[in-house]
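A.B. asks: Have a look at the structure that comes next, please.
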Amino acid sequence: MALHAPVLVLKDSLKRESGAKVHQANIQAAKAVADIIRTTLGPRSMLKMLLDASGGIVVTNDGNAILREIDIAHPAAKSMIELSRTQDEEVGDGTTSVIVLAGEMLHVAQAFIDKNYHPTVICRAYTKALDDAIAVLDKIAMAVDVNDRGAMLGLVKSSIGTKFTGQFGDLIADLAIDATTTAGVDLGQGMREVDIKKYIKVEKVPGGQLEDSRVLKGVMINKDVVAPGKMRRKIVNPRIILLDCPVEYKKGENQTNAELMKEEDWQVLLEMEEEYIKNLCGQILKFKPDLVITEKGLSDLAIHYLSKAGVSAIRRLRKTDNNRIAKACGAVIVNRPEELQESDVGTRAGLFEVKKIGDEFFSFIVDCKDPKACTVLLRGASKDVLNEVERNLQDAMSVARNILKNPKLLPGGGATELTVSATLKQKSSSVEGVEKWPYEAAALAFEAIPRTLAQNCGLNVIRIMTQLQGKHANGENAWVGIDGRTGDIVDMKERKIWDSYSVKAQTFKTAIEAACMLLRIDDIVSGIKKKQAPGASAPKQPQIETEGDADNEQMIPE
């Protein structure tokens with residue numbers, strides 16, 4: 001039969017793996033990624049020492065930080081690493097748990113792949129298991145009062161107890177709660193939104209002790225006033241003007257030539273420039289500011305006029321820092337000085353002060369009334385310690401933000417996973433058809449988290465898991481789990497070991513959906529051309545064949 005259209009035939013062969021081999025390769029790659037960070041789960045976890053591209057060293061047990069530095073070629077392993085990044089973006093914690101759980105979900109699926117179960121059947125069972133698992137979370141979740149600082153502190157502490165800074169007690173949890181409550185914005189109906197990236201800045205200053213770290217009720221920036229000898233470095237209750245424009249003579253948009261016939265014309269030109277800057281400064285000084293901050297440049301002449309009027313000035317500030325100052329002191333960032341109004345002046349700051357810490361000068365705009373932005377000042381012995389403390393603080397702030405957004409608690413120490421596992425095992429008897437077995441396997445996979453916790457505590461895993469399964473099987477207590485420090489089987493309520501509902505729900509969803517996606521892959525096709533050996537002839541271009549050629553050629557290879 002003749003084809004009535006030109007047919008594109010790719011002459012280059014494609015590398016191709018298919019069928020059961022692909023499933024096995026993907027599962028092995030996912031397990032390899034999970035095994036890399038399995039030992040970093042729990043309070044008795046191991047640390048990893050990473051060598052980054054520039055030759056620096058990072059010591060951490062944060063799942064996302066570790067996987068960010070790993071270079072793996074296998075596409076399934078890359079997909080697993082993305083899970084950790086997704087988890088970090090969404091809820092900021094549980095980056096290790098999601099990888100361990102996804103790896104286990106794929107591991108238990110391998111037996112069914114070997115028995116020629118269709119991947120779609122396994123995915124259907126997993127999706128059903130996920131729905132039932134979320135229903136169990138809703139059932140055992142406990143509401144928390146976000147105004148009860150003790151309860152909030154307990155939750156944040158238990159979330160970062162597994163991290164390096166867990167040894168410093170309440171310090172990081174206190175900082176996280178103070179920062180998120182300061183920068184939180186009420187949306188009405190009891191809802192609060194906290195934008196950690198925009199309105200909470202972490203400033204790391206080596207030196208001092210970790211205990212010197214604190215949350216400032218305002219903003220701190222790594223800048224000094226432009227004329228230190230002439231401008232004040234300490235102002236109480238300052239009036240602040242924020243600008244997003246240069247206070248200097250406008251340069252031409254394009255290259256500009258000016259031809260001057262007389263020598264006096266040059267003088268006139270200079271006077272025009274001076275007059276322009278004098279007018280600009282006059283428009284600013286009309287509002288009697290104490291501090292002027294601009295994101296752009298500030299000419300020497302403008303500095304002269306401002307310092308003469310007793311006004312301090314800071315120039316070339318980052319846009320993000322300017323936004324934070326605006327939120328903290330109630331100012332409005334203005335683009336043109338002639339459009340300034342009294343309402344644009346920030347008056348909520350209690351103190352402007354420049355301090356020298358180490359070798360650098362820092363400007364503090366603090367003691368603000370109801371600031372909606374803040375800075376966390378971290379002190380510590382070395383850069384490595386400070387970097388790890390910052391990573392832990394980001395996780396702690398994310399946990400505090402999650403509670404403010406969705407104030408529900410779940411038991412930690414693997415108790416949640418054991419409860420979900422026990423409930424799914426009971427429900428599996430009512431699942432009909434071949435989906436019953438993968439559903440039961442998914443129930444078993446949830447036990448990977450408590451099992452890994454027990455391993456990292458150095459316990460007898462089989463004995464501990466048997467005891468825990470026995471306690472959960474008869475529905476004795478949904479709150480029984482492992483205390484990761486001592487290895488005891490205890491009630492999580494008594495030990496105040498909690499997990500955030502948002503983190504757990506996101507972990508389950510991400511892990512199971514990712515496992516289903518990887519199971520559905522049955523071919524890995526590489527379109528990357530191999531490099532030609534020197535002197536070899538160039539590969540032929542894909543040819544478009546005409547109707548006549550297509551009739552004479554076999555289209556499908558045998």
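The values are calculated or read from the model by the stated rules, or taken from the named source; none is laboratory data. Source: prediction; values computed, not measured. Here Cβ is always computed from backbone atoms with ideal geometry, including for glycine, and neighbour counts include all displayed protein chains. Side chains included, ligands, DNA and RNA excluded: accessible areas come from the protein's heavy atoms. Shrake-Rupley method; radii C 1.70, N 1.55, O 1.52, S 1.80 Å.
A.B. asks: Return the residues of the stretch 405-432 that are open to solvent by less than 10 Å² (accessible area, probe 1.4 Å) and over 14 Å from Ile134 (Cα atoms); say none if nothing qualifies. Write out each step before concluding.
C.D. replies: If we filter the stretch 405-432 for residues that are open to solvent by less than 10 Å² (accessible area, probe 1.4 Å), which is where we start, we get 409-412, 414-418, 420-421, 424, 428.
Correct list: Pro411, Gly412, Gly414, Ala415, Ser428.
A.B. asks: May I pose another question? Do we have Thr510 as among the polar types (S, T, N, Q) and in contact (Cβ under 8 Å) with a residue 60 or more places away in the chain here?
C.D. replies: Yes.
A.B. asks: Give me the residue from the stretch 325-345 that is within 13 Å of Ile240 (Cα to Cα) and of a type in the set (D, E, K, R) and, out of that set, surrounded by the fewest Cβ atoms within 10 Å (Cβ to Cβ).
C.D. replies: Glu342
A.B. asks: I'm checking my understanding of the structure. Among residues of the stretch 434-452 that are under 33 Å from the mean Cα position of the chain (by Cα) and open to solvent by 20 Å² or more (accessible area, probe 1.4 Å), which one is farthest from Glu494 (Cα to Cα)?
C.D. replies: Leu444
Okay, residues lined up against (1) open to solvent by 60 Å² or more (accessible area, probe 1.4 Å); (2) in contact (Cβ under 8 Å) with a residue 40 or more places away in the chain; (3) in a loop (DSSP other than H, G, I, E, B):
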position	(1), (2), (3)
Met231	no, yes, yes
Gly252	no, no, yes
Leu260	yes, no, yes
Asp265	no, no, no
Glu273	yes, no, no
Lys278	yes, no, no
Lys296	yes, yes, yes
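A.B. asks: Consider Leu351 carefully, then state whether it is aliphatic (A, V, I, L, M), at pLDDT 90 or above and either touching a Lys or Arg at 6+ places or on another chain (Cβ under 9 Å) or open to solvent by less than 10 Å² (accessible area, probe 1.4 Å) (or both). Working first, answer last.
C.D. replies: Details: aliphatic (A, V, I, L, M): yes; at pLDDT 90 or above: yes; either touching a Lys or Arg at 6+ places or on another chain (Cβ under 9 Å) or open to solvent by less than 10 Å² (accessible area, probe 1.4 Å) (or both): yes.
Against the criterion (aliphatic (A, V, I, L, M), at pLDDT 90 or above and either touching a Lys or Arg at 6+ places or on another chain (Cβ under 9 Å) or open to solvent by less than 10 Å² (accessible area, probe 1.4 Å) (or both)), Leu351 qualifies.
A.B. asks: Go through Ser84, Ser97, Ser54 for me and flag whichever is farther than 16 Å from Ala448 by Cα and either aromatic (Phe, Trp, Tyr) or assigned to a helix (DSSP H, G or I) (or both).
C.D. replies: Ser84
A.B. asks: I'd like to check something: does the stretch 126-136 contain any residue that is within 30 Å of Val22 (Cβ to Cβ), in a helix (DSSP H, G or I), among the small types (Gly, Ala, Ser) and in contact with a helix residue (DSSP H, G or I) (Cβ under 7 Å, 6 or more places away or on another chain)?
C.D. replies: Within the stretch 126-136, one or more residues are within 30 Å of Val22 (Cβ to Cβ), in a helix (DSSP H, G or I), among the small types (Gly, Ala, Ser) and in contact with a helix residue (DSSP H, G or I) (Cβ under 7 Å, 6 or more places away or on another chain).
A.B. asks: What are the residues in the stretch 206-227 that are at pLDDT below 90 and assigned to a loop (DSSP other than H, G, I, E, B), if any?
C.D. replies: Gly208, Gln209, listed by residue number.
A.B. asks: Take the residues of the stretch 140-155 that are outside any loop (DSSP other than H, G, I, E, B) and out of contact with any strand residue (DSSP E or B) (no Cβ under 9 Å at 6 or more places or on another chain): which is surrounded by the most Cβ atoms within 10 Å (Cβ to Cβ)?
C.D. replies: Step one: filter the stretch 140-155 for residues outside any loop (DSSP other than H, G, I, E, B), giving 140, 142-143, 149-155.
Filter once more, so that each one left must be out of contact with any strand residue (DSSP E or B) (no Cβ under 9 Å at 6 or more places or on another chain): 149-150, 152-153.
Numbers: Arg149: 13, Gly150: 9, Met152: 23, Leu153: 17.
Among residues in the stretch 140-155 that are outside any loop (DSSP other than H, G, I, E, B) and out of contact with any strand residue (DSSP E or B) (no Cβ under 9 Å at 6 or more places or on another chain), the one surrounded by the most Cβ atoms within 10 Å (Cβ to Cβ) is Met152.
A.B. asks: Restricting the first residue to the stretch 203-226 and requiring it to be in contact (Cβ under 8 Å) with a residue 24 or more places away in the chain and at positive phi, which pairs with a second residue that is in a strand (DSSP E or B) and surrounded by fewer than 18 Cβ atoms within 10 Å (Cβ to Cβ) meet a Cβ separation below 9 Å and a spacing of at least six or different chains?
C.D. replies: Gly207/Ile357; Gly208/Ile357; Gly218/Leu351
Condition check ((1) of a type in the set (S, T, N, Q); (2) outside the structural domain of Asn392 (by the TED database); (3) under 31 Å from the mean Cα position of the chain (by Cα); (4) crowded, with 24+ Cβ neighbours inside 10 Å) across all residues:
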| site | (1), (2), (3), (4) |
| --- | --- |
| Asp93 | no, yes, yes, yes |
| Thr96 | yes, yes, yes, yes |
| Leu101 | no, yes, yes, yes |
| Glu104 | no, yes, yes, yes |
| Ala109 | no, yes, yes, yes |
| Asp114 | no, yes, no, no |
| Thr120 | yes, yes, no, no |
| Ala129 | no, yes, yes, yes |
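A.B. asks: I need a count of the residues in the stretch 469-489 that are open to solvent by 20 Å² or more (accessible area, probe 1.4 Å), among the hydrophobic types (A, V, I, L, M, F, W, C) and in contact (Cβ under 8 Å) with a residue 40 or more places away in the chain.
C.D. replies: 3
A.B. asks: Are any residues in the stretch 298-324 open to solvent by 70 Å² or more (accessible area, probe 1.4 Å) and either among the β-branched types (Val, Ile, Thr) or not assigned by the TED database to the domain that holds Arg232 (or both), and if so, which ones?
C.D. replies: Listed by number, the list holds a single entry, Thr320.
A.B. asks: Tell me which residues, restricted to the stretch 420-455, are among the hydroxyl-bearing types (Ser, Thr, Tyr) and in contact with a Phe, Trp or Tyr (Cβ under 7 Å, 6 or more places away or on another chain).
C.D. replies: Ser421, Ser428, listed by residue number.
A.B. asks: Identify the single condition in (1) of a type in the set (S, T, N, Q); (2) at pLDDT 90 or above; (3) within 30 Å of Arg401 (Cα to Cα) that Thr60 does not satisfy, given that it satisfies every other one.
C.D. replies: Of everything listed in (1) of a type in the set (S, T, N, Q); (2) at pLDDT 90 or above; (3) within 30 Å of Arg401 (Cα to Cα), Thr60 misses just condition (2).
A.B. asks: Please verify whether Met80 is of a type in the set (A, V, I, L, M) and open to solvent by 60 Å² or more (accessible area, probe 1.4 Å), treating the condition exactly as stated.
C.D. replies: Against the criterion (of a type in the set (A, V, I, L, M) and open to solvent by 60 Å² or more (accessible area, probe 1.4 Å)), Met80 does not qualify.
A.B. asks: Report yes if some residue within the stretch 193-202 is in a strand (DSSP E or B), charged (D, E, K, R) and modelled with pLDDT under 90; otherwise report no.
C.D. replies: yes
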